[in-house]
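Engineer: Questions regarding the structure given below will be posed in turn.
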Amino acid sequence: MDPEQVDEFVMGYLKKKGFNSAAKQLQEALHHNNGGTFNSTDYHNDPELTKLIRSFSQSENDPTRYRDGYSKLRSWAYNSLDLYKHELLRVMYPVFIHCYMDLVGKGHTREARAFFNSFRKDHEMIHLRDLQKLEGVLVPSHLEEMEFARSLRQSKVNIKICQYSYDLLLQYLHRTESTLMLGIINEHINFQVYSGQPNSSSDDIDAVTIVGSFQETADHINQKEIQWGLLEDSLEDRLEKTGSLLSDSEKGQGESKDGDVDDSKKRSNEIGKQGSSLKKLKKDKAGNATAKVARQETSIVSPAPRVKPELALPVMSTDVEESILEDLRNRVQLSSVAMPSVSFYTFVNTHNGLNCASISHDGSLVAGGFSDSSIKVWNMAKIGQAGSGALQGESDTNDQNVGPNGRRNYTLLLGHSGPVYSATFSPPGDFVLSSSADTTIRLWSTQLNANLVCYKGHNYPVWDVQFSPFGHYFASCSHDRTARIWSMDRVQPLRIMAGHLSDVDCVQWHPNCNYIATGSSDKTVRLWDVQTGECVRIFIGHRSMVLSLAMSPDGRYMASGDEDGTIMMWDLSTARCITPLMGHNSCVWSLSYSGEGSLLASGSADCTVKLWDVTSSTKLTKAEEKNGNTNRLRSLRTFPTKSTPVHALRFSRRNLLFAAGALSKPAS
Amino acid sequence: MGIVPKETIEVTAQSIGITNLSPEAALMLAPDVEYRVREIMQEAIKCMRHSKRTTLTASDVDGALNLRSLEPSYGFASGGPFRFRKAIGHQDLFYTDDREVDFKDVIESPLPKAPLDAGVVCHWLAIEGVQPAIPENATLEVIRAPADNKIYEHKDGPLIDVRLPVKHVLSRELQLYFQKIAELTVSKSSPALFKKALVSLASDSGLHPLVPYFTNFIADEVSRGLNDFLLLFNLMHVVRSLLQNPHIHIEPYLHQLMPSIVTCLVSRKLGNRFADNHWELRDFTANLVSLICKRFGNTYITLQSRLTKTLVNAFLDPKKALTQHYGAIQGLSALGHTVVRLLILSNLEPYLSLLEPELDAEKQKNQMKSYEAWRVYGALLRAAGLCIHDRLKVFPNLPSPSPSFLHKGKGKIINAEPRKRKLSADSSENQPPHKRLITTDGPDVLRPHDHTGPAPMHVDKPIGNYNLPQNSAQPSSSEQASDGESRNGKEKERGKSRAITMKAILGQIWKDDLDSGRLLVKLQQLYGDRILPFIPSTEMSVFL
């Protein structure tokens, strides 16, 4: 090759890449050398190098090179050794999307589209939603505008790969001199090479999920320490102390227990606890005896650490406290062999207008948020008393809707000016909070049946609002990508949690009130410190929008459900997914842990309520990791409803499971 | 290219009045439009998810447009999701099915009902982990293949296809319920409680899982307790309650129930004591049978034919006891007048001749036998009478001749003949010859209805549109003449401008009418005055 020509190539390349100063220096050097002795050191005579340089200088814009390079790499990966194949195939996805975005970025819309369509089948199974998003990117400006594409461009993907696979890949890339692919891989993939045998293909979820630039920050953030324990001097604590006392005294006199039970019955009737029927009450009591025995066991198994509250918590009135203690004392102990009873509240005649449903802690009040901006609150205890035979079927519903004096039997709360997306009851059931598309949150009193406060702060529809476990404080989240902490007595938010890359879709309090968790459309779940407003955990692993969250009562675990029907159990302290719970095949709208945390209930758009065994899926982790058995989740029961997607679930303090949903006519 | 080609942009531009859009501009706009559409869709899907729905609606798109501070699309928020139809002959051309509405229809149609207000109903989805079988819950697969176990086996060891016995899970409450009902049925001790149990059986929801057990129980007890009259009666009451329960789907178990029921209808002996009123049981069971046939006859086509076959066999077998005959007659008569007419009346004549000696107190010395015979005779009479009554009522368009018409020349003939018949019927010594006469007559009466019957009689039928009454039967009897006359009278009344179809209809009516008349007369011959209470007065005046 003509040395002159080589120089020219180098110059051209430098200019193209924008290394202007380097180009200038090279030019000067060339000028300088022109007259003098040309000590041609190496690169002019080295044929390998010349070839390389030439390949760089080849028309960079040639769009077919991407296609060729990618298809070669693909066929190589598919023909590679079975043992390493899945690791190599994992590399294909980032290469694929970056090839596509490169093509788009250079303005080859048509070629980009053709490229995308010819290979999208490979990745559809795992990355369907991402592909659907990327599909719309057609002009360079979209790359800038779209959050997802931008974060992909800026970030590197971490891929765990075993030593041998890595060597194989590098060998291939060098041998075939596919510099383009090499460039993409170098630019966008961060290999974490480990020695030894390749992992089994199924169990590392994070390997296949591509998230934005925060993988490292996430790792960094997840190093922070969190106090996941329960509050000291909580009611549970007190119960355990008094409970042991009780069991001592019970040995002596069995009658006192009966009296106790009667008392509780009276009281719960007075307060309207446990709502509609006495049956429930009896049932709860039946399990009482066994409950005591089992509770002592569990208290030995998992002594959750105690922490101090960081918020000034409201003082509970002794009445409320007593009734809660009573409930806790009468709680049925649930396990994989002792299943809960499920009471289902079906909304009828909603005409597709029910956006959300919420059940009070004792199950006696049910609130529905409607798309016509209204909120309706039903008092199930009253309904149960009024029409004892009201459960006969659909024919009776008309009569039932109209109360005894010809009026409707619910409380209508009007005030919002947009679809109501969420409603939540305060723990004693005296307040309701609702959030709406009109960007406001409203506080309602169930005693006055009136609106008390309107909280304005969010700039976009507020997707979710949740009362804290002790009331007074509440958290909201919105399309504006923030979550906010509020207290009932101030119209301004106390904290704003910003950091999610897309809508924050759901929010949930940690049982000790020091943290909130948020689930987002960016497919992550984050844990925030309420006091500092900092993000303390990022949970990466979901493949679609996170729709529901639940915290285990001991504060150690969190469950999150997504749009695809996957539920993930996370360990808060390590930020690792313990088990993905597969079983639903549509959106998981709601999750709830049982009172002592042994069961997880999930309600889904596929018209089922499922119960999952939590204890076995968390306890066995270590033992089963050795076996490599990943199938440690246990779906205990599936309760299909007739045709009712399950919108809300709640375990009462006595471990009765309440579920609610709107009857939908099956598609005809 | 993307999903939005530049032609779409050009068409849209034209539709909003931009005529000079350059192709380059369209080409530039197309990908951006696609991007924006996708963006809106992405937001719309978020709105949909937060409305807890899985179908995208126009309101979600409006919500998304709101999020982007754009004007919503008006006029589409009609509630339900759109249904798109594929244009025939085009691969990917869709349109919304938008019917043209006629103003007249809209105005004339009644006002739509007010939508029902939202409400909440509560039910148990599960009780301690078990779903109760109540109508609010999805129907359980009662018999479930042990799929899980099989998979497990496959995984663990060599391929062994282990099939566990199918388990039918029955809750404790249901078991207790079943035991209690069974006890009550067998013990017969407390009728009041049993009555309450029957009401519960007839109305309670959630008993469906018990149906196989009940059918089994009934079958067992009936075969075992044929001598126990009260038990049988109780069992039949249970069957009726089960049939009445609207929540029970009893059809799959009918084949098991029917033998027991038929047994209670036509068994030779039901109960062992003289005092046992087994007639009542047979009557009750006959009603049960008709109830079953009415409810399931349509879905279970062979039911009635099989049942009638059994009953007719019992009825026509002279060796069978009279009690059996009685049951069969009651069963058949409960099935409706068509069955009676086709199966009983056609055989009435020979049967009565058989019954005759039993009826006669002098010939039959056994009091019991004689009583039974009278009982059978009564049943027959009732069956025939009800049949004729129904039949006369069934033809509401029976052209009730105008009064004047009645009084005209016809009256003489009508009155003359029945008197003669009556006389002959009353004089018992005249019977033998009479019977012969009717046996030749009988089949002809029935045949016109028996469309699949032998050909000879059908030969002149097609022509019978005009003169069917005369041809279809021998014009020996006098009614024939009267019919002919009345027809003529009718014709005269209506004038000559009658269509042929009208004639045909009239002909048919007259034919039926004639049949009824003949039947009536025949019955009258057989039963004499006893049949009269069954016959409405108008018809009586016409025919007798």
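Engineer: Where residues in segment A:501-521 are β-branched (Val, Ile, Thr) and more than 14 Å from chain B (Cβ to nearest Cβ), which of them is surrounded by the fewest Cβ atoms within 10 Å (Cβ to Cβ)?
Structural biologist: A:THR518
Engineer: Quick check: is even one residue across segment B:9-30 under 24 Å from A:PRO140 (Cα atoms) and in a loop (DSSP other than H, G, I, E, B)?
Structural biologist: Yes, segment B:9-30 has at least one match.
Engineer: Now a separate question. Say whether the condition of being away from chain A (no Cβ under 14 Å), assigned to a helix (DSSP H, G or I) and farther than 30 Å from A:GLY368 by Cβ is met by at least one residue in segment B:107-115.
Structural biologist: Scanning segment B:107-115, I find at least one residue that is away from chain A (no Cβ under 14 Å), assigned to a helix (DSSP H, G or I) and farther than 30 Å from A:GLY368 by Cβ, so the answer is yes.
Engineer: I would also like to ask the following. For A:SER417, state whether it is assigned to a strand (DSSP E or B) and within 14 Å of chain B (Cβ to nearest Cβ).
Structural biologist: Criteria not met by A:SER417.
Engineer: Could you please give the count of residues in segment A:454-479 that are within 12 Å of chain B (Cβ to nearest Cβ) and surrounded by fewer than 21 Cβ atoms within 10 Å (Cβ to Cβ)?
Structural biologist: Of the residues in segment A:454-479, 2 are within 12 Å of chain B (Cβ to nearest Cβ) and surrounded by fewer than 21 Cβ atoms within 10 Å (Cβ to Cβ).
Engineer: Scan A:ARG67, A:ARG54 and give me the residue that is modelled with pLDDT of 75 or more and part of a helix (DSSP H, G or I).
Structural biologist: Going through A:ARG67, A:ARG54 in turn, the sole match is A:ARG67.
Engineer: From the list B:ILE127, B:ILE134, pick out the single residue that is β-branched (Val, Ile, Thr), modelled with pLDDT of 75 or more and under 30 Å from B:PHE233 (Cα atoms).
Structural biologist: Going through B:ILE127, B:ILE134 in turn, the sole match is B:ILE134.
Engineer: Let me ask you something else. Within segment A:426-447, take every residue that is small (Gly, Ala, Ser) and in a loop (DSSP other than H, G, I, E, B) and give me the one that is nearest to A:SER360 (Cα to Cα). Quick ask: steps written out before the conclusion?
Structural biologist: Step one: of segment A:426-447, the residues small (Gly, Ala, Ser) are A:426, A:429, A:434-437, A:445.
Within this subset, residues satisfying the condition of being in a loop (DSSP other than H, G, I, E, B) are A:426, A:429, A:437.
On the way: A:SER426: 8, A:GLY429: 6, A:ALA437: 23 Å.
Result: A:GLY429.
Engineer: Can you give me the number of residues within segment B:343-358 that are more than 15 Å from B:GLN330 (Cα to Cα), in contact (Cβ under 8 Å) with a residue 40 or more places away in the chain and of a type in the set (A, V, I, L, M)?
Structural biologist: Residues in segment B:343-358 being more than 15 Å from B:GLN330 (Cα to Cα), in contact (Cβ under 8 Å) with a residue 40 or more places away in the chain and of a type in the set (A, V, I, L, M): 1 in total.
Engineer: Another one. Between a first residue in segment A:315-342 that is under 19 Å from A:PHE470 (Cα atoms) and a second residue that is surrounded by fewer than 22 Cβ atoms within 10 Å (Cβ to Cβ) and modelled with pLDDT of 85 or more, which pairs have beta carbons less than 7 Å apart while being 6 or more apart in sequence or on different chains?
Structural biologist: Matching pairs, first to second residue: A:VAL320/A:PRO428.
Engineer: Looking at the structure I just gave you, is A:ALA114 over 30 Å from A:CYS162 (Cβ atoms) and modelled with pLDDT of 75 or more?
Structural biologist: Taking the combined requirement at face value, the residue satisfies it.
Engineer: Residues to consider are B:PHE76, B:PHE82; find the one that is surrounded by fewer than 17 Cβ atoms within 10 Å (Cβ to Cβ) and either acidic (Asp, Glu) or touching a strand residue (DSSP E or B) at 6+ places or on another chain (Cβ under 6 Å) (or both).
Structural biologist: Unique residue meeting the criteria: B:PHE82.
Engineer: Further question on the same structure: Regarding B:ARG49, is this residue surrounded by 19 or more Cβ atoms within 10 Å (Cβ to Cβ), closer than 29 Å to A:ASP130 by Cα and either within 14 Å of chain A (Cβ to nearest Cβ) or at pLDDT 90 or above (or both)?
Structural biologist: yes
Engineer: Further question: Residues that are surrounded by fewer than 18 Cβ atoms within 10 Å (Cβ to Cβ) and modelled with pLDDT of 80 or more: list the helices (runs of 4 or more DSSP H) wholly contained in segment A:272-355 that include at least 1 such residues.
Structural biologist: A:318-329
Engineer: Another question about this same structure. Based on what the data block shows, is A:GLY565 assigned to a strand (DSSP E or B), within 12 Å of chain B (Cβ to nearest Cβ) and touching a strand residue (DSSP E or B) at 6+ places or on another chain (Cβ under 8 Å)?
Structural biologist: No, not satisfied.
Engineer: Those residues that are hydrophobic (A, V, I, L, M, F, W, C) and closer than 13 Å to A:LEU572 by Cα, I need them from segment A:217-229; list them, please.
Structural biologist: A:ILE221, A:ILE226, A:TRP228
Engineer: Name the single residue, out of those in segment B:13-46 being more than 10 Å from chain A (Cβ to nearest Cβ) and within 60 Å of the chain's Cα centre (by Cα), that is surrounded by the most Cβ atoms within 10 Å (Cβ to Cβ).
Structural biologist: Taking segment B:13-46 as the starting set, the residues that turn out to be more than 10 Å from chain A (Cβ to nearest Cβ) are B:13-26, B:29, B:40, B:44.
Imposing the further condition that a residue be within 60 Å of the chain's Cα centre (by Cα) reduces the set to B:15, B:40, B:44.
On the way: B:SER15: 8, B:ILE40: 17, B:ALA44: 21.
Of everything passing the filter in segment B:13-46, B:ALA44 is surrounded by the most Cβ atoms within 10 Å (Cβ to Cβ).
Engineer: Moving on to the next point. Keeping to segment A:522-551, report how many residues are surrounded by fewer than 24 Cβ atoms within 10 Å (Cβ to Cβ) and hydroxyl-bearing (Ser, Thr, Tyr).
Structural biologist: 2
Engineer: Against the condition under 19 Å from B:VAL289 (Cβ atoms) and modelled with pLDDT under 75, how does B:ASP390 come out, does it pass?
Structural biologist: The answer is yes for B:ASP390.
Engineer: With respect to B:LEU56, determine if the residue is more than 38 Å from the chain's Cα centre (by Cα), more than 7 Å from chain A (Cβ to nearest Cβ) and closer than 30 Å to A:PHE344 by Cα.
Structural biologist: In short, yes.
Engineer: Test B:PRO81 against the stated conditions and say whether it is within 30 Å of A:ALA357 (Cβ to Cβ), more than 8 Å from chain A (Cβ to nearest Cβ), modelled with pLDDT of 85 or more and not in a helix (DSSP H, G or I).
Structural biologist: Against the criterion (within 30 Å of A:ALA357 (Cβ to Cβ), more than 8 Å from chain A (Cβ to nearest Cβ), modelled with pLDDT of 85 or more and not in a helix (DSSP H, G or I)), B:PRO81 does not qualify.
Engineer: Take the residues of segment A:356-388 that are touching a residue at least 60 places away in the same chain (Cβ under 8 Å) and in a loop (DSSP other than H, G, I, E, B): which is farthest from the other protein chains (Cβ to nearest Cβ)?
Structural biologist: A:HIS361
Engineer: Give the number of residues within segment A:425-439 that are surrounded by fewer than 21 Cβ atoms within 10 Å (Cβ to Cβ) and within 21 Å of A:GLN492 (Cβ to Cβ).
Structural biologist: Matching residues across segment A:425-439 total 2.
Engineer: Only one of (1) within 29 Å of A:GLU145 (Cβ to Cβ); (2) within 10 Å of another protein chain (Cβ to nearest Cβ); (3) basic (Lys, Arg) is not met by B:ARG68, so which one is it?
Structural biologist: (2)
The values are calculated or read from the model by the stated rules, or taken from the named source; none is laboratory data. In this text, all values refer to a predicted model and were calculated from it rather than measured experimentally. Every residue, glycine among them, receives a Cβ derived from its backbone with ideal geometry; neighbour counts consider all protein chains shown.
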